[in-house]
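Just so you know, all these numbers are worked out from the coordinates, no wet-lab data involved. Bear in mind the structure is a predicted one, so any value in this text is a computation, not a measurement. Every residue, glycine as well, gets a Cβ built from its backbone with ideal geometry; the counts of neighbours run over all protein chains shown.
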Amino acid sequence: MMYMTKMMIEIRNLLQKVGQSSTVSLPSIVVIGSQSSGKSSVLEAIVGHEFLPKGNNMITRRPIELTLVNDPKVSADYGEFPDLGLHRITDFSLIQKNLTELNQSVPERECVSDDPIRLTIHSPRVPDLSLIDLPGYIQVAGENQPRELKRKISELCDKYIRGPNIILAISAADVDLANSTALQASRRVDPRGERTIGVITKMDLVEPEKGAAILSDKQYPLRLGYVGVISRAPQQTGLFKRDTGALLRQISKNEKSYFSTHPEFGPDSGVNIGTVTLRKKLMHVLEQQMSSKLQDTTAAIQRELEETSYQFKVQYNEEPMTAEAYLAASLDDFKHAFKRFASSFGRPQMQQLLKEALDQRVLDQLAAKYWNKPIEDLSPAPFEPENIADLPKADPDSQFWHMQLDTATSALTRLGVGRLAATVVANAIQANVDKLVNKSTFAKHPSARQVINEAAATVLADRSYTTSDGIEFSLKPYKYEVDIQPQEWSQGRDHVAGVLKMELDQCQRAMGNLENSVGGKRKLKEVMNFVDKARKGEIVVEGETRNGAGGFSAALLQKGREAVFLRDRADIINMRIMAVKSRQCKSLENKYYCPEVFLDAVATKLTQTSVLFLNVEMLNDFYARFPREVESKLGEQMLGGGLERFASEDPRIRRHLDLIRRKELLELVLSKIEGLRRFHRADDDVAGAH
Ligand code: GDP
């Protein structure tokens, strides 16, 4: 018979896991009583340990769902808080401390919470029981207790004392039963007294005749009857803690010595007395109630299982799903996408990226050494040694132009191409990884996404220093001399014309923006005229103030200067495009006349050499290591419940997994019930045979 309750409690706990929406529930014993009725003492006597929060003003604020598991193999009794992951606590004062803290975690203004604390106690000495300890009813609200408290406790208790639960109504013998809050509450929900057990505590505090009269009460009859107890824990003596199981022994010894001296409680009196009797009664009643609910429960679980299976079919076509499988599939898809990217991103792509970065540096050098006409203020233009427009006609031996080209070339080779190349490629890879993640299922998982991006950054950073160093080393010879071949020259000439054209377009776009910002072409022209005249000294400006000059505001003049600069830059670039395309620039001999072509050819050489290095040192290494790094870092993240957290970040997967889990749990419960019924039948058959 014990087996039955044990299994039923197990099934009850499984059903709780099925979740809130489950309409199925198996009975439990709920313990109610007003404050100081001796409720805690009774519970502790049943368990055989002191473990409930005590102390002045200590009000239980959360229900405690207590599962007692009879386990003959246990050598030292222990408790577990399954929701907190706290296991095998053999020190019951620690359990008491935990309960006190959990109890205090409910904010004062909320008064009480209906979020239960689950506690399981294993012992060879406890019966299999499922008990729920509820906050004690308060009669008169204390000074510093919120007025709400009384009402909220009542509401919470009402929720739990509904059927099919059994009510353990605790009342003290020294309080008139008519005033027992516990019995009043029970009568409201169980008017015929069919599922209420009355417990009368403090039997030692009333005259024996009166006590016996309460226990055989006819005024408030309960089908399950009353049990009288004296459950005050006897004072501990000596320095040592009570040994395991001693509490119940002491209490029942105490009870025996009292009850046996009063004939009112004798064997023929017909009253139920003692904590041991109470324990037996609880086991018996719980089992009866559970087995009477077995049929209904089974039917309800079957209905729920049918509904769940139906949902599984229509919503997911019965497709199996686990968190592991989801992760594996996501990782697989990602790796495939990465492979596709790897086969599309190689030397030509790096070449292009790096060349574009160097094109910009070439333009910077050209601007610094050849094109710039600084317009710092409105004073006449500074003396300019030669006009760039005259460059093709310049003296071939002019030392000035030789020096300009040499310093520009040298600046280009020494600007830290190694670092630039490694950074440009690493950034491009990182951006592509981010794009791949965005398109993958990981896009819905912020922490996994971060892990992947970090994995990429780590692998890239690992190689960045050696790569840039290696590149620098291989570029060393170019820092002294760059030898350009005729074919390289003609390719440079084609390419740089395009670059210049793009630069020209940009100047023109910037000019357009300026026109718009000042309110039109004409307005901008006016300001530009003024700036030009001032520069040539045709207008004498009496010092520009903060308010501007010549009727133009300071902001407008600034824009005018920018426009003049852009116009001049565009003029020069136009001229240089013509020069590059001209016959002179066809031949390598005229390199001093055509610095654009020469610098472009140099940039190409730098690019090619860098890319050879990047390919081996950075790209191939990344392609080999990144997928492994992602796998191992994600693996770490999935430890300790991480896998479930990961899978349930995607609501679609979470629903899918929940449904499967629910279905599996219901199936498990049904199979357990089936086993139980077989056992029950066999038991009945044996009983019938006797
Ligand atoms: P709760 O507030 O309902 O949980 O009540 P407690 O279990 O804390 O008991 C309140 C007080 O009554 C405590 O001082 C207990 O020692 C005392 N008490 C509990 N049961 C008995 C009993 O059977 N006899 C006597 N004399 N005192 C008891």
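Pairs to check: K17/K73; K73/K253; K339/K605; K536/K559. Give those whose C-alpha atoms are more than 23 Å from each other in this structure. Could you put the intermediate results ahead of the total?
Details: K17/K73 26 Å; K73/K253 26 Å; K339/K605 30 Å; K536/K559 18 Å.
Among K17/K73; K73/K253; K339/K605; K536/K559, the Cα-Cα distance tops 23 Å for K17/K73; K73/K253; K339/K605.
Would you mind pulling out the separation of the Cα centroids of the stretch 415-469 and the stretch 292-363, in Å?
After rounding, the separation between the Cα centres reads 22 Å.
For K17 and E306 in the same chain, what is the full-extension length gain: residue separation times 0.36 nm, less their Cα-Cα distance, in nm?
Roughly 102.3 nm would be gained on extension.
From the phi angles alone, apply the Karplus equation (6.51, -1.76, 1.60; θ = phi - 60°) to the stretch 410-427 and give each ³J(HN,Hα) in whole Hz, x where the residue is Gly or Pro.
Once θ is set to phi - 60°, the couplings for the stretch 410-427 become 5, 4, 5, 6, 9, 7, x, 4, x, 5, 4, 4, 4, 5, 4, 5, 4, 4 Hz.
Apply 1/(1 + (r/R0)^6) to the Cβ-Cβ distance of K335 and D571, taking R0 = 45 Å, and write down the FRET efficiency to the nearest 0.05.
Working from the Cβ atoms, E equals 0.25.
Length gain on complete extension for the stretch L86 to D462, per 0.36 nm per residue less the alpha carbon to alpha carbon distance?
Working it through step by step, the gained length comes to 131.2 nm.
At q = 0.05, 0.08, 0.11 Å⁻¹, what is the log10 ratio I(q)/I(0) for the chain, with the Debye formula run over Cα points and no solvent?
For the chain at q = 0.05, 0.08, 0.11 Å⁻¹, log10 I(q)/I(0) is -0.54, -0.78, -1.16.
When the convex hull of the Cα atoms of the stretch 493-594 is projected onto a plane and the area is averaged over all directions, what value comes out in nm²? Display every interim value, and only then the final one.
Details: hull surface 32.1 nm².
Seen from a random direction, the Cα hull of the stretch 493-594 projects 8.0 nm² on average.
So for the pair N453, S671, with labels modelled 7 Å out along Cα→Cβ, what separation do we get in nm?
4.5
Expressed as an acute angle from 0 to 90° and rounded to the nearest 10, what is the orientation of the C-alpha long axis of helix 651-689 relative to the principal long axis of the chain?
So the helix axis and the longest Cα principal axis differ by about 20 degrees.
Compute the FRET efficiency between A213 and T277 as 1/(1 + (r/R0)^6), taking r as their Cβ-Cβ distance and R0 = 22 Å, and round to the nearest 0.05.
0.75
Amide H to amide H, which residues 5 or more places from D71 or on other chains are under 5 Å from it, using H placed in the peptide plane?
S123, R125, V126
According to a simple spin-label model (label point 7 Å from Cα along Cα-to-Cβ), what is the distance in nm between Q288 and L415?
9.5
Report the calculated FRET efficiency for S553 and K501 (r = Cβ-Cβ distance, R0 = 45 Å), to the nearest 0.05.
E between S553 and K501, to the nearest 0.05, is 0.80.
Which three extents, in whole angstrom, do the alpha-carbon atoms of the stretch 511-668 cover along their principal axes, largest first?
98, 52, 25
Using only Cα atoms, find the angle between the long axis of helix 275-316 and the longest principal axis of the chain, and express it within 0 to 90 degrees, rounded to the nearest 10.
Between the helix axis and the principal axis of the chain, the angle is about 40 degrees.
Give the lysines reachable from K150 as a straight Cα distance under 29 Å; neighbours fewer than 8 places away on the same chain don't count.
K150 reaches K39, K54, K97, K159, K202.
Distance check, please: which entries in K369/K479; K293/K672; K369/K521 exceed 21 angstrom between their Cα atoms?
K369/K521
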